[in-house]
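The values are calculated or read from the model by the stated rules, or taken from the named source; none is laboratory data. This structure is a prediction, so every number in the text was calculated from the model and none was measured. Every residue, glycine among them, receives a Cβ derived from its backbone with ideal geometry; neighbour counts consider all protein chains shown. Ligands, DNA and RNA are stripped out before the accessible areas are found, and what is left, the full protein with its side chains, is counted by its heavy atoms. Shrake-Rupley method; radii C 1.70, N 1.55, O 1.52, S 1.80 Å.
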Amino acid sequence: MLKINDLHAGIEGKKILKGINLEVKPGEVHAIMGPNGSGKSTLASVIAGKEEFEIKKGNIELDGEDIEEMAPEERSHNGIFLSFQYPVEIPGVSVTNFIKTAINESRKAQGLEDMPANEMLKKIREKAELLEIDRKFLSRSLNEGFSGGEKKRNEIFQMAMLEPKLAILDETDSGLDIDALRIVANGVNKLRGSDNAIIVITHYQRLLDYIVPDFVHVLHDGKIVKSGGKELALELEEKGYDWVKQETVA
Amino acid sequence: MAYTEEELKKELETKEYEYGFYTDIESDTLPKGLNEDIVKAISLKKNEPEWMTEWRLEAFRIWQEMEEPEWANVTYEKPDFQAISYYSAPNKKPKYESLDEVDPELLDTFKKLGISLDEQKKLAGVAVDVVMDSVSVATTFKKTLAEKGIIFCSISEAIQEHPDLVKKYIGSVVPQKDNFYAALNSAVFSDGSFCYIPKGVRCPMELSTYFRINQAGTGQFERTLVVADEGSYVSYLEGCTAPMRDENQLHAAVVELIALDDAEIKYSTVQNWFPGNKEGKGGVFNFVTKRGLCENNAKISWTQVETGSAVTWKYPSCVLKGNNSIGEFYSIAVTNNYQQADTGTKMIHLGKNTKSTIISKGISAGKSQNSYRGLVQVNSRAENARNFSQCDSLLMGNECGAHTFPYIETKNKSAQIEHEATTSKIGEDQIFYCNQRGIDTEKAIALIVNGFSKEVLNKLPMEFAVEAQKLLEISLEGSVG
């Protein structure tokens, strides 16, 4: 589904990603772990198409098609979803109105009519329930005055609504208390399927107790320095990132 | 990127003003220039009674002594008042019994504007008194209104048919000498609308007028007078688009509202005059005086969505004369390219327990300048006056400006006045967030701007709100580069 080949990318002349290779197949969950500044969020932004980042070398394929030239909205229409580490506020635009616009824009791109209102309502109700979201929450302005947990829950709610092929969860666990973490992880697990894939970016192994990955990759200084199964996360937790750093140097 | 910002910019720059077309209808136009003879000729053409002619002449004499105001935060080339033709009326003037009789070219113009009268009649239930080049050419729903005793007609007709009402109220809120443009308007106003709601009557439909400027080199001087008698209610809508022109067009309208005891007037405007092209050439000069007078327990609410004109100078105001009267002002002003807007309101608290609310949303893009200018004045006898003002500005890009000039004058210690102001910028992060959810940049801006303007959009009648949202989108196209 997603294939990243020797990806080098940076911002304003600064090199951040220095040759990433990664392959994600349908049905898989990959975790990307690494210390601060290792390039985790940059990788997420580059896949999603944030324009400040420049690709110097290598390519990103989605279902065999190069996506570097695609605008962020086109990547979204093709099934890429990014759950933001810091979701932005849009005052005056309700959660409902925002997700409705997003869904209908994607449908438009696929040559479909707007989703009928009753179908939309039904879907919203269903997904809100999945994430234990209160009805009142849906009419609030997007992310405005939301707690950290509400913001992340809202991200996963949007993921549930948009049903992406590839979801990238960027530090979704940060700012979550244990209850919120459980709800969010539960929601994500229910969205796992044989046709879609998830990349979980996280600093801590805690989230991986709930969303169990098939593969774990350790990112250090813009490169994947170690890959393995879910047990790698535990090993990392135990030995700390210094262990990886030392191994890389050695 | 598949669709670069450069390409986007180019495409939008070449996008013509959507409503820029010119209708070729024979018209009856007076020679250019302004003097007493022209003022008399206008009055004569309209077959006005002597008092009206005298009133105009008095205004003209006052105007001659006045200077064009310069305090507003706008710069433009002053119009040459002797190079303007002050009267122009479509030739085929008679009132039509049905739409079939209306000049087909005119109907075609309406179609382009998307204001098919037929459709409006049937679907919206809105009576439209269309003002095209200064003379009313179609009036609908008159019958229904007449049954309730409501008068809704052109001001020319009102001068003929209801002279006592006009004589009593015209100039009572905006006197001839009020300001330079009001004096000019009083001297040469060509037409406009008149509305009278009798005591205790609730107007059953939204009254609506569409204005158009459609004659090369013709200034448009509208005069609107709305009188809501005791205990009555009316909602009045005014909206407009104008054809594309090379030279600047002057528009100096006067709107007077009178809300007698316990009456309520809701006046909504969507203004979309040609703002000039991307180099700032052409466009309408909009110098408007709008003011309402509230008697005891009366309420006047102004709602405006201003997206057009090259230069706007407009302060819909409320004189809260009666005790317990309420004044409201809700405004969205959008400027793009080289547009300049200096707009706001005046709330004059004279009576006891008077209340006013001001919500102003300014959106600036391109190289435009957007100013809010507001006055809250509390008179010494206005016990317990209250005002709440909120002025929010949204900036797009690095070359535009937003300015706020709030004036507060209170002469009564019991007054409670609150003022809040915010300035924000549409961030790249907001846009990327929307993009990531599949919403392209244009749509994202529309969404963010609509969210920002929501409190004001909510005050508009439903069908107007939809139109206003579309207008916001059109006005800001190409503003991100």
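General remarks:
- Among the residues of region A:88-98, those identified as in contact with a Lys or Arg (Cβ under 7 Å, 6 or more places away or on another chain) and either open to solvent by 20 Å² or more (accessible area, probe 1.4 Å) or more than 7 Å from chain B (Cβ to nearest Cβ) (or both) are A:Ser94, A:Val95.
- Residue within region B:222-235 that is open to solvent by less than 10 Å² (accessible area, probe 1.4 Å), at pLDDT 85 or above, among the hydrophobic types (A, V, I, L, M, F, W, C) and in a loop (DSSP other than H, G, I, E, B) present: no
- Test: residue in region A:100-107 that is hydroxyl-bearing (Ser, Thr, Tyr), part of a helix (DSSP H, G or I) and surrounded by 18 or more Cβ atoms within 10 Å (Cβ to Cβ): yes
- The condition of being more than 26 Å from the chain's Cα centre (by Cα), outside the structural domain of B:Lys281 (by TED's automatic domain parsing) and either of a type in the set (S, T, N, Q) or at pLDDT below 90 (or both) holds for only one of B:Thr422, B:Thr410, B:Thr343, that being B:Thr410.
- Extreme residue, farthest from B:Trp313 (Cα to Cα), among residues of region B:381-419 that are away from every other protein chain (no Cβ under 14 Å) and among the small types (Gly, Ala, Ser): B:Ser414
- Taking region B:409-481 as the region of interest, the helices (runs of 4 or more DSSP H) fully inside it that hold 3 or more residues being open to solvent by 60 Å² or more (accessible area, probe 1.4 Å) are B:441-457, B:462-476.
- Cβ pairs under 7 Å, 6+ apart, first in region B:420-441 and facing another protein chain (nearest Cβ under 8 Å) and free of Cβ contacts under 8 Å to residues at least 40 places away in the same chain, second of a type in the set (Lys, Arg) and open to solvent by 10 Å² or more (accessible area, probe 1.4 Å): B:Phe432/A:Lys50
- Selection from region A:129-155 of residues that are open to solvent by 20 Å² or more (accessible area, probe 1.4 Å), closer than 15 Å to A:Asp173 by Cα and within 14 Å of chain B (Cβ to nearest Cβ): A:Lys151
- If you go through region A:41-66 and keep only what is buried (at least 20 other Cβ atoms within 10 Å of the Cβ), within 12 Å of chain B (Cβ to nearest Cβ) and aliphatic (A, V, I, L, M), you end up with A:Ala44, A:Ile47, A:Ala48.
- Flag for B:Phe285 being in a strand (DSSP E or B) and either open to solvent by 10 Å² or more (accessible area, probe 1.4 Å) or aromatic (Phe, Trp, Tyr) (or both): yes
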